[in-house]
Amino acid sequence: MAVEQHFYKQRIQALSVVLSGVGAGIVVFPVLIRTLLDHLAWRGTLWILSGIALNLCVCGALMSPVGRGKQVHLMPLLSCVPLRNITFHGMCIANLFWSFGSTVIYMYLPAYAMDQGSTFDTSVFLVSCVGMASFTSRVIFSFMGHNSTLDDMTAILCSIGLGVVITGICPLLFDDYAGQIGYSLLFGFYSGYWTTFLSQASRELLGPECIAKGNGYLSFMIALGSIVAGPAAGRSSQNYIEF
């Protein structure tokens with residue numbers, strides 16, 4: 001919402017730059033956490049990570065309000081206008097399944113790589129490769145802006161389709177470490193592509209006055225998919241092994 005309130009002509013570029021921090025975090029934190037665990041064990045690591053997360057309060061305090069003439073008039077908190085849009089329902093369902101699938105990749109990619117013969121350190125590096133590609137895709141779209149020939153909804157559908165194809169051929173790529181890195185880079189690129197357009201698609205479907213509520217519903221579905229993905233995938237793999 002800070003980007004929505006402060007930017008108008010270059011909103012896509014601003015969103016891409018802001019969200020590129022997600023990719024940068026995926027690159028940095030696996031290495032950081034690994035180093036902290038080696039030197040401070042898990043208790044000290046959690047203390048350091050908690051201190052880093054606490055800086056979000058400082059960042060929030062630095063966000064200054066904009067002038068009244070530039071403010072976007074938002075719908076009331078209890079408004080149900082977004083739920084009247086059938087297309088937005090489909091968007092929420094897509095977020096649920098996307099979050100489910102991507103969470104499984106993040107949680108089990110290193111373990112799957114080790115099962116295919118990779119070492120622990122090289123398996124962790126695969127997660128950093130996801131972050132590198134995600135950061136790169138967001139930076140690319142920050143320069144492209146609306147110069148792309150695809151509209152926001154088509155761009156999202158293309159990225160989902162690409163992700164399905166890439167994940168479907170994942171076993172073929174994991175025969176060697178080069179293939180594992182290739183898959184990680186492709187997965188990171190398309191996942192960065194998808195999340196860059198989420199807020200803009202919400203604005204397109206619901207209008208600027210409903211963007212806060214729309215993003216809230218989409219974020220809830222992402223959280224729900226993340227909660228369910230780990231236990232469901234773990235249970236399914238256990239049943240498969242027993243079978």
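The values are calculated or read from the model by the stated rules, or taken from the named source; none is laboratory data. Since the model is a prediction, treat every value here as computed from it, not as a measurement. All Cβ positions, even for glycine, are placed from backbone atoms using ideal geometry, and neighbour counts span all protein chains on display. Keep in mind that these areas ignore ligands, DNA and RNA; they rest on the heavy atoms of the full protein, side chains included. Shrake-Rupley method; radii C 1.70, N 1.55, O 1.52, S 1.80 Å.
Only protein heavy atoms count here; under a 1.4 Å probe, Phe220 has an accessible surface of about 120 Å².
Spacing of the modelled spin labels on Val228 and Val81, each 7 Å from Cα toward Cβ, amounts to 2.9 nm. A 1.4 Å probe, protein heavy atoms only, puts the accessible area of Cys57 near 90 Å². The accessible-area ordering, largest first, of the residues Tyr112, Tyr217 stands as Tyr112, Tyr217, per a 1.4 angstrom probe. Per-residue accessible area (protein heavy atoms, 1.4 Å probe) orders Arg43, Arg203, Arg84, Arg138 as Arg84, Arg43, Arg203, Arg138, starting from the largest. Working from label points 7 Å from Cα in the Cα-to-Cβ sense, the Gln116 to Val22 distance is 2.4 nm. In the complete set of protein chains, residue-level accessible area for Thr195 is approximately 30 Å², probe 1.4 angstrom. Between His89 and Met63, full extension at 0.36 nm per residue minus the direct alpha carbon distance yields a gain of 6.2 nm.
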